[in-house]
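The values are calculated or read from the model by the stated rules, or taken from the named source; none is laboratory data. Since we're looking at a predicted model, the values are computed, not measured. Methodologically, a virtual Cβ is constructed for each residue, glycine included, from the backbone with ideal geometry; neighbour enumeration extends over all protein chains shown. The area values use the complete protein model at the heavy-atom level, side chains included, leaving out ligands, DNA and RNA. Shrake-Rupley method; radii C 1.70, N 1.55, O 1.52, S 1.80 Å.
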Amino acid sequence: QFEVYFQPIVDLTGERCTKAEALVRWQHPTRGLVGPDEFIAIAEEIGLIGALGDWVFHQAVAMAGEWREGRRAAGIGDDAPIQVSVNISPRQFIAGTCADWVGHLRRRGLPPWMLAVEITEGLLLDERPAVTDTLLAFRDAGIQVSIDDFGTGYSAMSYLKKFAVDTLKIDRSFVRDLTTDPSDLAIAEAVIVMAHKLGLKVVAEGVETAAQRDLLRQAGCDYAQGYLFARPLAADDFRRFIASPAR
């Protein structure tokens, strides 16, 4: 009953979709579509989050491979790749279910840059070997690491360097009032400047209006995701979304 949806992430330079975040949904037989807020915590509590996260990863990799072949067949090629981001919770690291993700990518013949893992700031502070070793393995294999909801947790700047983080995602709580709250705009601008000084890219989450997009673009933000561009899409709908060369 689970299904993986994909939310487009667009390059703000030309509003071309170059990335997508994989998001699990539950197609309940009587309740209809159930969002992750209602079941992820339960999956963690009963010990199923590792298996669920591993399944989402395999589904995302399979779809990324299909999109790559489809774009090649259409003559688009790898000059416009789609990178898929997969969320990992701390319990998945401890369960060890993501230990073979690098090997799975290699067996599928996909380049590592087609996958990014999204973690929270707090995970960077976890010194357990199961966490640090896996993060370093991702880095060494060329899999990109994104910090989700940046600015809402325990910001540890030194760890951005230690684990060679690639991307910061500005939390939607700072994006929502960009046009009305000067403090939120200042925070977003500061994150963007800091990230660029460190050689990192920035994704703004929860972009819903053209005014928000324009302010982020003026501030130099690299990417954005949100309802302004597209809601999370089922795999077939996302395939149609990127079918045009303009995407």
Total formal charge among the other residues, if their Cβ is under 15 angstrom from that of residue 130, Lys/Arg +1 and Asp/Glu -1: -3
Calculated FRET value between residue 13 and residue 208, using beta carbons and R₀ = 30 Å, to 0.05: 0.90
Area accessible to solvent at residue 179, 1.4 Å probe radius, in Å²: 80
Those aspartates and glutamates that a straight Cα-Cα span of less than 17 Å connects to residue 197, excepting residues fewer than 8 apart in one chain: 166, 189, 222
Interchain or long-range residues, amide H under 5 Å from residue 9's placed H: 18, 19, 20, 21
Given the chain, longest segment not containing exposed loop chymotrypsin sites (Phe, Trp or Tyr not before Pro) (DSSP; at most 13 other Cβ within 10 Å): 1-153
Heavy atoms of residue 196: accessible area, 1.4 Å probe, square angstrom to 10: 80
Integer Hz, Karplus 6.51/-1.76/1.60 couplings in order for segment 57-66, x for Gly and Pro: 4, 5, 5, 5, 5, 4, 5, 4, x, 5
Cβ-based net charge around residue 27, under 15 Å, with every Lys or Arg adding one and every Asp or Glu removing one: -2
Spin-label pair residue 48/residue 27, simplified geometry with 7 Å Cα→Cβ offset, distance in nm: 1.7
FRET efficiency estimate (nearest 0.05) - Cβ-Cβ, residue 231 to residue 133, R0 51 angstrom: 0.90
Chain lengthening between residue 197 and residue 157 when straightened (0.36 nm per residue, less Cα-Cα): 13.2 nm
Nearest-10 value in Å² for the accessible area of residue 17, using the 1.4 Å probe: 0
Estimated inter-spin distance, residue 69 and residue 218, nm [label 7 Å along Cα→Cβ]: 4.7
DSSP bridge orientation in the chain - percent antiparallel, rounded to nearest 5: 45
Charge tally in the Cβ shell below 12 Å around residue 6, where Lys, Arg are +1 and Asp, Glu are -1, residue 6 excluded: 0
HN-Hα J in Hz across segment 33-45 - Karplus 6.51, -1.76, 1.60, θ = phi - 60°, x for Gly and Pro: 6, 10, x, x, 4, 8, 10, 5, 4, 5, 4, 5, 5
The chain, relative contact order [Cα under 8 Å, separation at least 6], %: 21
